[in-house]
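The values are calculated or read from the model by the stated rules, or taken from the named source; none is laboratory data. Every value quoted in this text rests on a predicted model; they were computed, and no experiment measured them. No Cβ is skipped: glycine too gets one built from the backbone with ideal geometry, and neighbour counts run over all protein chains shown.
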Amino acid sequence: MTPFGPVALLLQNGILQMMLDAGPVIKAILAVLLLFSLFSWTIIFAKLSALRQAKQRNEKFLGAFRRTQKLADMNTLAAQYHPAPLAVVFEFGYQEVERQVNGKGRLHNIPALQRAMQLGSGEELTRLERNMSWLATTASATPFIGLFGTVWGVIDSFRGLGQAGGTSLRAVAPGISEALIATAFGLLAAIPALIFYNYFLHRIKEIGARMDDFGLEFVNLAERSYGE
């Protein structure tokens, strides 16, 4: 059967064979880079799904909230929209509204309500940012890990050349080629991690801004419903 995709590319360029012929240190570094890449792609796919779901649920929740005239009615529906970040912020705010209204029969401490909603926003941002540090670490560390592998391979090649007493560059070219693979793999792991880290950071900031705007809408409705 004819190989296809990345495997075919590796075979055509002899890269796979060079990886198999590499020394134990280079192989260990390539294995580490592969693990970094696999974990990063796992996080990337999971985060893409989570952010897409959060956006869709937020839009549905916000539409229902704006059609609702009473906070109590919306509270019975909020659980249906999980894991919408806005639903969590709503629940934090509604709990504070209930505490104030049950205590004095009216909403009397707007700053406390705003702080409660900020706590909800912070909790959701923390959840959305989970594992982002791994992408940042991959983007910053893997190029240096690959570079270390390359430097080690070049040193090893020239050391072997010196021991053999050879003077031709052709004698060290295969070893240097094997070493450069480590840098290439480091970049292959780092570039997607960096791109998606910045993309996710932007999307999470958008969701954070949406939660702040929703907080203002919630406070306005709460004041109209339970204010003095």
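Tabulated values for the structure
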read-out	value
Qualifying residue in segment 146-157 (condition: more than 30 Å from Leu180 (Cβ to Cβ) and touching a helix residue (DSSP H, G or I) at 6+ places or on another chain (Cβ under 7 Å))	no
Meets criteria (of a type in the set (Phe, Trp, Tyr) and under 24 Å from Phe148 (Cα atoms)) for Phe185	yes
Verdict on Lys70 being in contact with a Leu (Cβ under 9 Å, 6 or more places away or on another chain), farther than 21 Å from Asp212 by Cβ, of a type outside the set (A, V, I, L, M, F, W, C) and buried (at least 19 other Cβ atoms within 10 Å of the Cβ)	no
So Phe45, is it of a type in the set (Phe, Trp, Tyr), surrounded by 20 or more Cβ atoms within 10 Å (Cβ to Cβ) and at pLDDT 90 or above	no
Residue in segment 57-71 that is under 30 Å from Ala193 (Cα atoms), touching a helix residue (DSSP H, G or I) at 6+ places or on another chain (Cβ under 8 Å) and at pLDDT 90 or above present	yes
Search result, residues across segment 182-228 that are within 26 Å of Glu98 (Cα to Cα) and aromatic (Phe, Trp, Tyr)	Phe214, Phe218, Tyr226
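Table: residues versus (1) loosely packed, with under 12 Cβ neighbours inside 10 Å; (2) at pLDDT below 65; (3) not in a helix (DSSP H, G or I).
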| residue | (1), (2), (3) |
| --- | --- |
| Thr2 | yes, yes, yes |
| Met19 | no, no, no |
| Lys27 | no, no, no |
| Leu34 | no, no, no |
| Leu38 | yes, no, no |
| Gln53 | no, no, no |
